[in-house]
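Any read-out appearing in this document is the output of simple, stated calculations on the displayed coordinates, not a laboratory observation. Only a predicted model underlies this, so the values are computations on that prediction, with no experimental measurement involved. So basically every Cβ, Gly included, is an ideal-geometry build from the backbone, and we count neighbours across all protein chains shown.
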């Protein structure tokens, strides 16, 4: 299993596990999507060695971080990200968020005012497929509840999560099996999906302030299974957001897990933000 040096920090009453690498005055902080932690960026981080100082971490309740006293909202997660950045005190900051992580970094950016923002297949809260999302959330939660029970039998989880084993390095996948695809990890994933459902309405009522920095939006052009049904809508509203904030918009020849399938494209986007 991967053995990467890390440290624990107390942030907003939660013990958060953080891994840092690289050098440079620009710090890049990665925020994963629902169900994922610091290992989600294992194929991206090495591509930025010698260019920036990278920071990947586990949210409260994920991976090696401590469990919060109560389920976290998106605003709670954003507040922890703000506290993390303020504790690290980087000279220059770029925030990178994937999927649900896009909601978190957009909210955190209101306080942090980063030099750049990279949103990777972000959740577009204004898309009409979220108008009546409650049935989908309930269905997803039932599926995750079953997986949570099955996760007590590791060989079954290897079968259910085989796509991750094909997309990530062997040691990364082993860590995911040990930390994310476990009863505790899946319980946190269920809480995170519920947090997104609540955040959709909150973000529609009170959208985050437009970033005051350069923004790049990367959108997946492929989707598998049930996600394919709404792929066109998701891409359209990701593009609309990009147009609204004056962001660069680009396609990724990938499914949703772009950090695993197109890490070079993400690293290239980070480098553009660094030199902007």
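Listed highest first by mean packing, meaning other Cβ atoms within 10 Å per residue, what order do 240-252, 155-167, 185-197 come in? The partial results should precede the final answer.
Working: 240-252: 15.8, 155-167: 13.7, 185-197: 20.4.
Ranking, from highest mean packing down: 185-197, 240-252, 155-167.
Region 61-83 to region 203-276: how many Å between their Cα centroids?
Taking the Cα centre of each part, region 61-83 and region 203-276 sit 24 Å apart.
From the alpha carbon gyration tensor of region 83-201, can you work out the equivalent ellipsoid semi-axes (sqrt of 5 times each eigenvalue) and give them in Å, largest to smallest?
On the way: eigenvalues 163, 90, 32 Å².
Equivalent-ellipsoid dimensions as semi-axes: 29, 21, 13 Å.
How big is the convex hull of the Cα atoms of region 155-211, per residue, in Å³?
Values: hull volume 7.2 nm³, N = 57.
Per-residue hull volume (Cα only) is 127 Å³.
Sorted from largest to smallest, which semi-axis lengths in Å does the alpha carbon gyration tensor of the chain give for its equivalent ellipsoid, taking the root of 5 times each eigenvalue? Walk me through the numbers before you get to the answer.
Details: eigenvalues 124, 103, 72 Å².
Semi-axis lengths for the chain are 25, 23, 19 Å.
Just check region 200-263 against the gyration tensor rule for me: Cα atoms, a ≥ b ≥ c as the square roots of the eigenvalues, rounded for a/c under 1.5, and otherwise prolate or oblate depending on whether a/b exceeds b/c.
oblate
At 222 nm, what helix-only mean residue ellipticity would the chain give, in deg cm²/dmol to the nearest 500, using -39500 (n - 2.57) for each DSSP H run of four or more?
Working: 10 runs with 123 residues, N = 276.
Here the helix-only value at 222 nm equals -14000 deg cm²/dmol.
On full extension of the chain, what length is gained from residue 10 through residue 69, given 0.36 nm per residue of separation minus the C-alpha to C-alpha distance? All intermediate terms of the calculation are to be shown ahead of the outcome.
On the way: separation 59, 0.36 × 59 = 21.24 nm, distance 1.37 nm.
Full extension of this stretch gives 19.9 nm more.
Using the Cα gyration tensor of region 61-137, with a ≥ b ≥ c the square roots of its eigenvalues, what is the shape: rounded (a/c below 1.5), prolate (a/b larger than b/c) or oblate (neither)?
Oblate shape, in that a/c is at least 1.5 and b/c is the bigger or equal ratio.
Please work out how much length the chain gains when fully extended from residue 205 to residue 21, using 0.36 nm per residue of separation minus the C-alpha to C-alpha distance, in nm with one decimal.
On the way: separation 184, 0.36 × 184 = 66.24 nm, distance 3.79 nm.
Using 0.36 nm per residue and subtracting the Cα-Cα distance, I get 62.5 nm.
Counting only DSSP beta bridges with both residues in the chain, tell me the antiparallel percent, nearest 5. Write down the numbers at each step before the final one.
Numbers: 10 of 35 bridges.
Counting only bridges with both partners in the chain, antiparallel ones make up about 30 percent.
Thinking of region 48-94 as a set of Cα atoms, what percent of all their pairs are more than 13 Å apart? Mind showing how you got there, number by number?
On the way: 694 of 1081 pairs.
The share of Cα pairs beyond 13 Å in region 48-94 comes to 64 percent.
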